[in-house]
Amino acid sequence: MIKQLIVTLLWMSLVNSISEAKMLDLKSNIERKSEDGVTGKVTDNKGAGIAGVSVIIKGTNKGTITDNSGNFQIPSADGNSVLVFSSVGFISQTVKVANQKTINISLAANDKELDEI
């Protein structure tokens, strides 16, 4: 009986250790994933966020659009990526990500394009 109790306790201890190791590994993976990619905000020349700006990784079909406040997040962007920011009524810009995790950019109005409408 005591032998069986000791075996059960050892087994539970082993299972608990493995579970803790897996949880630490999972936490580490989640932290690494949250560090990947780029976030930022796109504003106009007055500092107001611009909604609906297309933010694309150049040469790919990966991208996003800014939310109502001008914020964006692209998880798949890395240091080699070049982001293209474009929106109707604004002059497009490209930015090399390099080692940046946050890119805040201001787009200038494209008065010529607005005059043509």
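The values are calculated or read from the model by the stated rules, or taken from the named source; none is laboratory data. Computed from a predicted structure; not experimentally measured. Every residue, glycine as well, gets a Cβ built from its backbone with ideal geometry; the counts of neighbours run over all protein chains shown.
Here are the numbers for the structure shown:
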quantity: Selected residue (only one of S76, S69, S86, S106 is at pLDDT 90 or above and either basic (K, R) or closer than 14 Å to T39 by Cβ (or both)); calculated: S69
quantity: Top-ranked residue in region 43-70 [being within 13 Å of the chain's Cα centre (by Cα) and within 21 Å of N110 (Cα to Cα); ranked as surrounded by the most Cβ atoms within 10 Å (Cβ to Cβ)]; calculated: V55
quantity: Cβ pairs under 6 Å, 6+ apart, first in region 87-99 and within 13 Å of A109 (Cβ to Cβ), second of a type in the set (V, I, T); calculated: S87/V53
quantity: Considering residues of region 71-107 that are among the small types (G, A, S) and over 17 Å from A51 (Cβ atoms) only, the residue farthest from the chain's Cα centre (by Cα); calculated: A98
quantity: All strands (runs of 3 or more DSSP E) inside region 31-101 with 3 or more residues being out of contact with any helix residue (DSSP H, G or I) (no Cβ under 7 Å at 6 or more places or on another chain) and aliphatic (A, V, I, L, M); calculated: 54-57, 82-86
